[in-house]
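Data first, discussion second: the structure below is written as structure tokens.
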Amino acid sequence: MKPPAFLYHDPRSIDEAVALLARLDNARLLAGGQSLMPMLNMRYVLPDHIIDLNRIEALAGVRQIGETLRIGAMTRQRDIAEHPLVRSRLPLMVEALGHVGHRQTRNRGTIGGSLCHLDPAAELVAVAANLDATIEIVGPKGARLLPMAEFALGFMTPAIAPDEMVAAVNLPLPAARHGYAFLEMARRHGDFAIVAVAVVLTLDPAGRLATCAITLGGAAAVPRRMAEAETMLRGAAPDALLFGRAAATARAVDALEDAQVPGWYRRQVAETLIERALATAHRRAVAANGMAS
Amino acid sequence: MTRLLEPRAIGMPLERLDGHAKVTGTAPYAFEHALRDPLYLYPLEAAIARGRMTAIDTAEAEALAGVVAVMTPRNAPRLAADDDQELWLLQSEGIHFRGQLVGAVIAQTPEIARHAAALVRIAYEAEPHDAALAADRDDLYKPEQVNPDYAADTDEGDVEAALAAADVAIDATYTTPMEHNNPMEPHTTVAIWEGGVLTLYDSTQGAHSVRTTLAPVFGLAPDKIRIIAPYVGGGFGSKGTAHAHDVLAGLAAQMVPGRPVKFALTRQQMFWLAGYRTPTIQRIRLGAGRDGRLTAIVHEVIEQTARFKEFAEQTATSTRIMYASPNRRTSHRLAKLDVPVPSWMRAPGETPGMFAGEVAMDELAVACGLDPIALRIRNDPAADPQSGKPWSGRKLVECLREGARRFGWDRRAPNPAARREDGWLVGMGVASSTYPAYALPGSRATIRYGEDQRYVVRIGAADIGTGTWTALTQIAADALGCPIEAVRLEIGDSALPHASVEGGSSGINCWGSAIVAAARAFRGQHGAAPVPGAEIGAEMPEDPEAQRFAMHSFGAQFAEVRVNADTGEIRVPRMLGVFSAGRIINPRTARSQFIGGMTMGLSMALHEESVLDPRFGHVVNHDLASYHIAAHADIGDIDAVWLDEVDPHSNPMGSRGIGEIGIVGAAAAIANAAWHATGIRIRDLPITPDKLLA
């Protein structure tokens, strides 16, 4: 075994898991393990207890409730990408999942694990932010709902207490006829995004932009909604010039710097990707509405 | 002229003889040898870059079930010779670099050893350390020589006067980052100390060179050390010399006599315990007439070494022989830092040096308004500019012309940034390659005719994945005039006749020469129909022509580069290398070597960079997630071809060595192509997308 020694627990119900969380000190929840296991192997985390959620059946599944998609925290990324409801109503999610790791990691990786790990470059985090998701959290005091904007507290820091866990994510579905795009640039396919962009937009009967959501992933500590660009676009007649002006708002983003990627470069790529994503999403929206482009 | 072998088996694309064993997992690598009752070692490593240990608390680790011993400077066996400070382990409390081996846990399982190592508490007295290389340091010094034994500086003519008078001049500074060898098989040693004999199952490029190095360190006669290494999963130079892990395993084995101690470095540890390529800062000045004829070449190099041990990379030596010019100067200056010691990494010297030199030539071609190939042809020297000796066979011009024809160079626009396809800027670049034909002394082979009517050919050579098992068998077959099947080769063991190290692309040249000498002696003594049991040994003879000729291989590398105009993303859809390296013993394995070298060059051009944090003195991206090495998805159509030739002066096979030349010049070809695509000159590797948008 490569990780350091720990005690292993495998609860069969959410209640059992919550009880373990309340009782155990320095415990970690194991979801799909695609981030936690390497971190254990490299000893970046040294928990005394691992609570394995993989045997809690109630945590997995995709369900439509009104105009919301409820996805259980332990639903595998691959199962989400292949789910008929997701494929028909939320193609943005399918496109985003194509950038998440590799086929093998998607077979194990879960949506809840990704949201709780909250890597700034994670695709599912950007999608949740773009759709104004609501996170279902359970703990000793019961369940509570938290908007994604409040869930993503800071760099890899979700707003959950040590004795709480995420049970599901509720994703409001966009209108049936919408346009979308998920674009990403990374050093390698499957790697953490240098910048990722999620866009969902709808058109009014006149072809003007009715709604528009733009989210940058990878650029800042938490997913960044491009509010100024969204306001600029709402109600406007779409054209390349406008998309360029909206994308240019990325120049004001306080972008992450690291050993290999300078912040200015992230801003520049963000601008390019937003422009491309808006054009793609608009083209798709036009097609979905049967309009002439 | 050297008496050449008649080629029958050599030159044939024989499949790897060890291929089946490798793909079926039956070829034992160092860690895999089935040994009874092994113990496992996990090292203790220094957490500061400079200073000393003041206290080591091993109590908790020693109390752990399954821990056999905890070794520290307080209880480690004594070593005998401190000439090589990299190998002078656990003999004092001193710390020279972060990650230095300062002890070890020996335990029943690898898990227990690693866990126990985390329980050892070490207190330090840190001293201020210095790990930042810069060109303006005031403590740069001139080494006595550079690797392996070149003069640090050369100066001929009057470069300053020539530069002042030149019609066209280039003055630019190029940098290459710290880079790490990352062979697939980590550095591994399994050590057994029994009856005063130390046996190491080692992952090494030289069983005998490790033995020669370690014998005085342990105070043992060479025949009391045995190194066994039949299969090695890559080395690239990082396994060319013994490193500290060999000594640590040997010390540990002394504490548990009779028990094998297994020690494999983790991937992370390979970023401080297995050598690396020094970062370089290279200023190049070229002076030329309007016609592009060089009048001055100046190549001044600044690089780093460790304070506790010197390694001076020979970065400018290729410049001494590449092009003709009456005035030439090269120099190497080192900074002594509190860092791990640099070492060999595929074509040390030529690889960083030819990046700078060949980009500078591209810049000169632009400044002169000449095609870069024409500029190189115009400056091709008739004899070695450095020694004045005639070439044993310099065919750089032929390589450039053949490459130009195959690559479609005539379709290249003369101006940069001229071709744009669907948002991508497209360009072509070229660079020259070179590598010396080294002949290391001392290799010996024996040949014995067996009862099974096969010839047992024995030599302690190494196969680090390059194809030695196959190529030496081919050479032996031709030298004996027998079929391949009649040869049974034995290599990879210091108990076999002495073999020089697999380094400097010299392996096949030296070991093959020894085998040919032994075969000729065998036939001379025992004739064509020997009796079973007939045996003879011979040493590689000295090549009388080595002194008369300058022996170097040459090549031309071509690259097509696409740069995304919006994001700066870089793709290399095509690469071609044309090489002149004497006779190719096995085209199948040779092609792998050339393409492997070019791939490593592409990786260097676009990806590889060890980011050293000077505040702590360690490489922050010490894993393959953040230190990206080119993968299949990064490689497009990459091809290597060679001139059909024989070097009549080098050795009986007519070969010059092929292991390293493939990487030389590859990064420059890509940088030159990136310039041609965009008009942006990148002088600092790696060429990342941001640099093409800056």
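Just so you know, all these numbers are worked out from the coordinates, no wet-lab data involved. From a predicted model like this one, the values you see are computed outputs, not experimental measurements. Cβ: placed from backbone, ideal geometry, glycine included. Neighbour counts: every protein chain shown.
Key figures for this structure:
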read-out: Positive-pole candidate from A:Leu46, A:Ala292, A:Ala129, dipole of the protein assembly as shown, charges at beta carbon; value: A:Ala292
read-out: Semi-axis lengths (Å, descending) of the ellipsoid that matches the C-alpha gyration tensor of the protein assembly as shown; value: 52, 39, 27
read-out: Linear extension gain, A:Thr157 paired with A:Arg43, 0.36 nm per residue minus alpha-carbon span; value: 39.1 nm
read-out: Efficiency of FRET between A:Ala236 and B:Asp291 - r from beta-carbon atoms, R0 41 angstrom, step 0.05; value: 0.10
read-out: Among B:Thr351, B:Ala316, B:Ala335 - extreme Cα towards positive end, dipole of region B:310-356, charges at beta-carbon; value: B:Ala316
read-out: Cross-link reach list, aspartates and glutamates versus B:Lys22, counting only Cα pairs under 15 Å and skipping chain neighbours closer than eight places; value: B:Glu32, B:Glu185, B:Asp463
read-out: Separation of alpha-carbon centers, region B:618-694 and region B:597-612, rounded to whole Å; value: 7 Å
read-out: Estimated FRET transfer efficiency (B:Leu4, B:Asp566; beta-carbon r; R0 60 Å; 0.05); value: 0.60
read-out: Pairs of Cα atoms farther than 25 Å apart, region A:57-172, %; value: 14 percent
read-out: Ascending count of other beta-carbon atoms within 10 Å, so fewest first, for B:Met184, B:Met255, B:Met322; value: B:Met184, B:Met255, B:Met322
read-out: Peptide A:264-277 - average C-beta neighbours from other chains (10 Å radius); value: 3
read-out: Inter-part distance where region A:40-65 and region A:205-274 are each reduced to a Cα centre, Å; value: 33 Å
read-out: Residues A:Lys2, B:Lys262, B:Lys239, sorted so that the one with the fewest Cβ neighbours within 10 Å comes first; value: A:Lys2, B:Lys262, B:Lys239
read-out: Size of charge dipole - region B:147-229 - debye, nearest 20, with Cβ of Lys, Arg +1 and Asp, Glu -1, no other charges; value: 960 debye
read-out: GluC sites (Glu not before Pro) restricted to DSSP loop in region B:419-511 with at most 12 other C-beta within 10 Å; value: B:Glu451
read-out: Point-to-point label distance, B:Ala534-B:Tyr141, nm (Cα→Cβ direction, 7 Å offset); value: 5.9 nm
read-out: Per-bin percent of Cα-Cα distances, region B:281-329 [10 Å]; value: 24, 43, 22, 10, 2
read-out: Electrostatic dipole magnitude of the protein assembly as shown [Cβ: Lys, Arg +1; Asp, Glu -1; Cα centre; debye, to 20]; value: 1800 debye
read-out: Relative contact order computed over chain A (Cα-Cα under 8 Å; 6+ residues apart), in percent; value: 15 percent
read-out: 27 Å Cα-Cα threshold exceeded, pairs from B:Lys239/B:Lys336; B:Lys309/B:Lys395; B:Lys336/B:Lys691; A:Lys2/A:Lys141; value: B:Lys309/B:Lys395; B:Lys336/B:Lys691; A:Lys2/A:Lys141
read-out: Long-range tail of P(r) for region A:7-52 (Cα pairs > 12 Å, %); value: 59 percent
read-out: Computed [θ] at 222 nm, deg cm²/dmol, chain A (DSSP H ≥ 4; -39,500 (n - 2.57); rounded to nearest 500); value: -9500 deg cm²/dmol
read-out: Ascending count of other beta-carbon atoms within 10 Å, so fewest first, for A:Glu228, B:Glu303; value: A:Glu228, B:Glu303
read-out: Label-to-label distance, nm, for residues given as B:His526 and A:Asn289 (7 Å Cα→Cβ offset); value: 8.9 nm
read-out: Helical mean residue ellipticity (222 nm; -39500 (n - 2.57) per DSSP H run of 4+; nearest 500) of chain B; value: -7000 deg cm²/dmol
read-out: Distance from region A:113-181 to region B:391-423 (C-alpha centre basis), Å; value: 54 Å
read-out: Estimated dipole of region A:179-288 in Debye, rounded to 20 [Cβ of Lys and Arg +1, of Asp and Glu -1, Cα centre]; value: 180 debye
read-out: Where only alpha carbons of chain B are counted, the Rg and the Dmax (Å); value: 25.7, 78
